[in-house]
Amino acid sequence: MVFSSNVFLFLFLPTFLGLYYLCGARYRNLLLLIASYVFYAWWRVDFLALFAVVTLWNYWIGLKVGAAGVRTRSARHWLLLGVALDLAILGYFKYTNFGVDSFNALIATFGLQPFVISHILLPIGISFYVFESISYIIDVYRGDTPATHRLIDFAAFVAIFPHLIAGPVLRFRDLAGQFHHRTHTLDKFAEGCTRFMQGFIKKVFIADTLAPLVSHCFALENPSAADAWLGALAYTAQLYFDFSGYSDMAIGLGLMMGFRFLENFKQPYISQSITEFWRRWHISLSTWLRDYLYVSLGGNRGGTVSTYRNLMLTMLLGGLWHGANFTFVLWGAWHGLWLAMERALGVDAAPQRFNPLKWVATFLVVILGWVLFRSENLQVAARMYQAMFSFGGWQLSEFGQAGLTDLQVATLVIAYAGLALFGLHDFYSKPLAHAAPKAAVDEPAGEAMPVAAGASRVGRLLAWSTTLQRPLLLLLFCASVLKLSAQSYSPFLYFQF
């Protein structure tokens, strides 16, 4: 089941919310757990058993680690056991096919017969709920949160359906208090509905409209430079509106139930460095990688060479987390390389002034990385790069024009206009309150930025538009629902991870 489906909008969600507010506070966490399991089992019932096993395993490990004491040798042994099994489960389901295919490609060069195994199906959401489970037992080991004895609360935390399939990556220590007590008000519910509708429009109206164009451009055998750049720019917009739309919907659904999740995106395409980009993009994952991988590797405490090594390893593993493909590994290496270079150059991770040249350079680096991220294999990526930098054929090819519609052009223009407008407003009016995940890790976050003169004009424009925001939002949401009903399926891009 996905948020952008009629069965969720008109059956699951209203039924759940009705039961949720009719039952007493004592039973709401149990109801949330049951509803989340139904939500997950809608895809495949058999993988629900794996989900439950991972939950029970980490609940038990958490109790053992907690009983052994903070950072004791015994606690460390229990922690290593818990993490080992979690990673073994993730590795088996997510990387076995990749490992066997890579091994077969290697031995084929020596004329040997390939090693044959049955294809292993990847359970949806496994990367997210395994990472959340690992963060819980590590936090218990470090003393950042006590081991919970409330199995229902822990199971509901792992399974809570708003974030179950594609994040954000939540932490038990941030939500433990909300499982015990959370407020339910009409204003909070209305805020959640507004946030959900915003995300739904991002996904259905923008991302889904651009999706066929992206697929068409990346499938061209001989793309022109214009075809390749159009595909890269369209995917850059599609991925952001798809994933940030999902995060908006997850945060909105949480608010409807009284939970307040942390933000996952803060206008990343306004960044003026890759370090700043990772402060703004997929914040829940980037901070997870910082706190549980980068710091565990030693962070920046072991000298310059060790710091660069840790940055590269963190980003390589972060790339591999996204999928079992060499394209993801190289994408991680690409970002790791830029993070290391920026750290060596002392690049400001929270700039106080907008520099167009730095923004253009950063945006170009991000786009080039997304080409790797989107490509099915290295051959497709090489074909796209070759076309992008052929510096010829700056007109769409005949095949490129065949996949382009007026609606897609208009949507792409609107998407980038919105990114520019809201990005500049966010830059001038809001400080980055969270720490950088990698290059500036272990260092304090940036200070609040002063409001520049140009920001007041952007702010006035946005303030003026708020008078039309709610009726326009409702109108667009209704139109998005109609559009959804006309299309057969609307999966989220991050489901594959």
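The values are calculated or read from the model by the stated rules, or taken from the named source; none is laboratory data. Just so it is clear, the model here is predicted, and its values are computed rather than measured. Because the Cβ atoms are built from the backbone with ideal geometry, glycine has one as well, and the counts that use them run over all protein chains shown.
Observations
- Count - residues of the stretch 39-51 that are part of a helix (DSSP H, G or I) and without any contact (Cβ under 8 Å) to a residue 24 or more places away in the chain: 4
- Going through (1) over 30 Å from residue 349 (Cα atoms); (2) in contact with a Pro (Cβ under 8 Å, 6 or more places away or on another chain) one by one, residue 279 falls short only on (1).
- Helices (runs of 4 or more DSSP H) fully within the stretch 204-286 that include at least 1 residues being without any contact (Cβ under 8 Å) to a residue 24 or more places away in the chain: 208-219.
- Flag if residue 300 is touching a helix residue (DSSP H, G or I) at 6+ places or on another chain (Cβ under 6 Å) and assigned to a loop (DSSP other than H, G, I, E, B): yes
- Test: residue in the stretch 64-72 that is touching a His at 6+ places or on another chain (Cβ under 9 Å), within 20 Å of residue 317 (Cα to Cα) and surrounded by 15 or more Cβ atoms within 10 Å (Cβ to Cβ): no
- Of the residues making up the stretch 103-114, those that are over 18 Å from residue 93 (Cβ atoms) and of a type outside the set (Val, Ile, Thr) are 104, 105, 106, 108, 110, 111, 112, 113, 114.
- Residue in the stretch 434-444 that is of a type in the set (Lys, Arg), at pLDDT below 80, closer than 30 Å to residue 341 by Cβ and surrounded by 13 or more Cβ atoms within 10 Å (Cβ to Cβ) present: yes
- Among the candidates 386, 352, the residue that is of a type outside the set (A, V, I, L, M) and within 30 Å of residue 101 (Cα to Cα) is uniquely 386.
- Residue 187 vs. criteria surrounded by 21 or more Cβ atoms within 10 Å (Cβ to Cβ), among the acidic types (Asp, Glu) and either over 19 Å from the mean Cα position of the chain (by Cα) or modelled with pLDDT under 95 (or both): no
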